[in-house]
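Each remark here refers to the structure printed beneath this line.
The values are calculated or read from the model by the stated rules, or taken from the named source; none is laboratory data. If you're wondering where the values come from, they're calculated on a predicted model, not measured in any experiment. Reconstructed Cβ throughout: ideal geometry from the backbone, glycine too, with neighbour counts over all protein chains shown. Heavy atoms of the whole protein, side chains included, go into the accessibility calculation; ligands, DNA and RNA do not. Shrake-Rupley method; radii C 1.70, N 1.55, O 1.52, S 1.80 Å.
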Amino acid sequence: MSDVREAPIGVFDSGVGGLTVVREIMRQIPQERIVYFGDTARVPYGTKSRDTVIRYSRQIVRFLRTRRVKVIVIACNTASAYAMETLQQEIELPVIGVVKPGARVAARETPGGNIGVIGTEATVGSHIYRDYIQSLRPETQVFEKACPLFVSLAEEGWWKDPITEAVARRYLQEMKDRKVDTLILGCTHYPLLRSTVRKVMGEEVNLVNPAYETAVSLRELLREKQIDNQGHNKTGENPYEFFVSDAAERFKAFANSILPFDITSTRQIQIEEF
Ligand code: DGL
């Protein structure tokens, strides 16, 4: 029987965006195996209701469990906002989302207590970042803003484009007016637009990337639970497996534009069957 330490990490997102989290896990804990699921047939989650996102997330977790994962990483901010608590109550595997790691760092590092959060309509409407930050530091001010066009611009590959900059200026003006000192990139796609956001917000504003912070928290969690992989890929299997619910080739092309190496295969599955 193989050791749980060698089991893969299950990561899921509504589509390609969660690859920003995968990229960080690959960088920070390269000895770990990953099974990724991107719900490309049902993306976006950011405009859907809580009930729908919870239903989708449950199906995905059921699928990931068939791959014998040792932990679930909800790489999607929207699914973390809506489904994290439910999943944590329902399954005995450790579940970690992207919201708390990002919020914790923002609460700790804000110099003046003025924090901005940008994300999908669902994430912003849930106020999950605000509530968690204020539970840690009640004196902070948290301003939230949905920036839905950023998702399409990131997927189009227009990461440093003048059009993206114009959109960012329009979305982020309010954050500048409110003089936020820390801005959370609270959607999977936004770290790809980081340099544009940096240019618009200026050098003095801290940009928090929840994808990065999630990988840091994941590493700690694996150690704490003594389920971290201590040798590299001892099973001899491919350490990274990718599954989607639609358009596998399109997913692969995007993955290859952001991951440190080309992925060889992406398999399509019928997620509704789980
Ligand atoms: N992955 C989603 C998130 O981080 C963005 C894309 C979507 O709306 O599904 O919130």
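Remarks
- Using the Cβ-Cβ distance between residue 256 and residue 139 with R0 = 41 Å, the FRET efficiency computed as 1/(1 + (r/R0)^6) comes to roughly 0.35.
- From the C-alpha gyration tensor of the stretch 116-245, square roots of 5λ in Å: 31, 21, 13
- Folded to 0 to 90 degrees: helix 77-90 orientation relative to the chain principal axis, Cα: 50 degrees
- When its C-alpha radius of gyration is set against 2.2 N^0.38 Å (N residues), the chain gives a value of 0.96.
- Accessible surface, 1.4 Å probe, highest first, among residues 189, 127: 127, 189
- Derived scalar couplings between HN and Hα for the stretch 100-114 equal 4, x, x, 5, 4, 5, 4, 5, 6, 9, 4, x, x, x, 10 Hz in order, rounded to whole Hz, by the Karplus curve 6.51 cos²θ - 1.76 cosθ + 1.60 (θ = phi - 60°), x for Gly and Pro.
- Most to least accessible of 121, 224, 155 (protein chains only, probe 1.4 Å): 224, 121, 155
- Model label sites at residue 223 and residue 273, defined 7 Å from Cα along the beta-carbon direction, differ in position by 4.1 nm.
- Under-5 Å amide H pairs with residue 96, H placed in peptide plane, nonlocal only: 72, 73, 74
- Stretchable slack from residue 51 to residue 216, in nm (0.36 nm times residue separation minus alpha-carbon distance): 56.4 nm
- Accessible surface for residue 161 stands near 40 Å², nearest 10, in the context of the full protein assembly shown (1.4 Å probe).
- Low-density loop positions, trypsin sites (Lys or Arg not before Pro), the stretch 177-220 - DSSP coil, at most 15 other Cβ in 10 Å: 178, 179
- Within the stretch 23-101, the GluC sites (Glu not before Pro) that combine a DSSP coil assignment with at most 15 other C-beta atoms in a 10 angstrom radius are 92.
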